[in-house]
């Protein structure tokens with residue numbers, strides 16, 4: 001049972017070996033670098049956690065064209081190169097939707113479709129609601145991590161010791177992702193209070209989850225992951241109050257240079273590694289018994 005996990009680790013390592021030189025060569029900026037790190041490095045582990053070993057092997061070839069699109073200017077060709085990743089997300093969703101009528105997996109994979117769709121829009125150079133290009137791409141990053149990475153790690157936490165409390169926290173995390181997106185959309189129409197409420201709701205759910213992971217004390221990497229999530233959510237809370245308090249200094253570019261790396265390298269990477277190793281250990285122990 002541990003073979004697929006080791007294979008997933010090898011795929012993640014291959015992703016690192018692709019991601020690092022590509023970012024050095026292309027220099028696409030923080031937002032593309034953070035987004036690409038997910039599908040290349042983290043998703044092999046996460047897809048195994050969802051039991052999608054066969055589709056995991058297709059994730060790399062599906063995302064490579066999108067990665068190559070960053071060598072081009074925004075436009076039709078760059079957008080077309082991102083379409084295989086959108087197709088992969090749709091296949092992943094349909095696979096879960098046909099086997100599980102209503103489940104957490106269906107919601108999580110549905111969020112990945114949204115993230116991949118916004119990535120296509122970003123590479124096309126489209127600006128829905130006249131958003132800045134940076135916000136369009138940041139929305140894709142949001143759904144790739146808050147909508148996919150975060151709930152999968154929380155799902156592992158739920159499966160480790162199922163309880164009503166953990167289910168409620170995971171449900172709150174899943175609800176918070178579209179609520180934040182909807183709040184930001186309404187802010188484009190100068191209606192700011194829904195974004196404030198959504199950000200505080202989502203940040204509170206994340207902090208509760210982070211503290212619970214620390215109390216679990218199952219792996220030292222989870223402590224790093226949880227502490228980073230709390231730090232990132234504190235920045236998100238400040239950003240969410242920018243329309244009510246003097247926080248103009250914390251703009252989207254600064255959030256991408258601070259909140260983004262903390263989420264990706266401080267929270268997501270240690271969390272994914274920790275749960276992958278813990279799952280492998282549990283499967284090995286079960287096989288021996």
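The table for this structure:
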quantity	calculated
Qualifying residue in the stretch 33-49 (condition: in a helix (DSSP H, G or I), without any contact (Cβ under 8 Å) to a residue 60 or more places away in the chain, touching a helix residue (DSSP H, G or I) at 6+ places or on another chain (Cβ under 9 Å) and surrounded by fewer than 16 Cβ atoms within 10 Å (Cβ to Cβ))	no
Filter result for residue 201 (touching a residue at least 24 places away in the same chain (Cβ under 8 Å) and surrounded by fewer than 19 Cβ atoms within 10 Å (Cβ to Cβ))	yes
Residue count for the stretch 241-263, restricted to those that are part of a loop (DSSP other than H, G, I, E, B), at pLDDT 80 or above and under 21 Å from residue 140 (Cβ atoms)	1
Residue within the stretch 134-142 that is free of Cβ contacts under 8 Å to residues at least 40 places away in the same chain and under 22 Å from residue 105 (Cβ atoms) present	yes
Close pairs (9 angstrom Cβ cut-off, 6 or more residues apart or separate chains): surrounded by fewer than 18 Cβ atoms within 10 Å (Cβ to Cβ) in the stretch 147-174, not in a helix (DSSP H, G or I) anywhere	160/218
Residue 30, sole failed condition from (1) over 17 Å from the mean Cα position of the chain (by Cα); (2) surrounded by 15 or more Cβ atoms within 10 Å (Cβ to Cβ)	(1)
Hits in the stretch 14-25 - residues which are within 22 Å of residue 255 (Cβ to Cβ) and either more than 17 Å from the chain's Cα centre (by Cα) or buried (at least 23 other Cβ atoms within 10 Å of the Cβ) (or both)	23
Yes/no for residue 211 being in a helix (DSSP H, G or I), closer than 26 Å to residue 107 by Cα, in contact with a helix residue (DSSP H, G or I) (Cβ under 8 Å, 6 or more places away or on another chain) and without any contact (Cβ under 8 Å) to a residue 24 or more places away in the chain	yes
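The values are calculated or read from the model by the stated rules, or taken from the named source; none is laboratory data. Bear in mind that the values here come from a model prediction, so they are computed numbers and not experimental data. For neighbour counting, all protein chains shown are included, and Cβ atoms are generated from backbone atoms with ideal geometry for every residue, glycine included.
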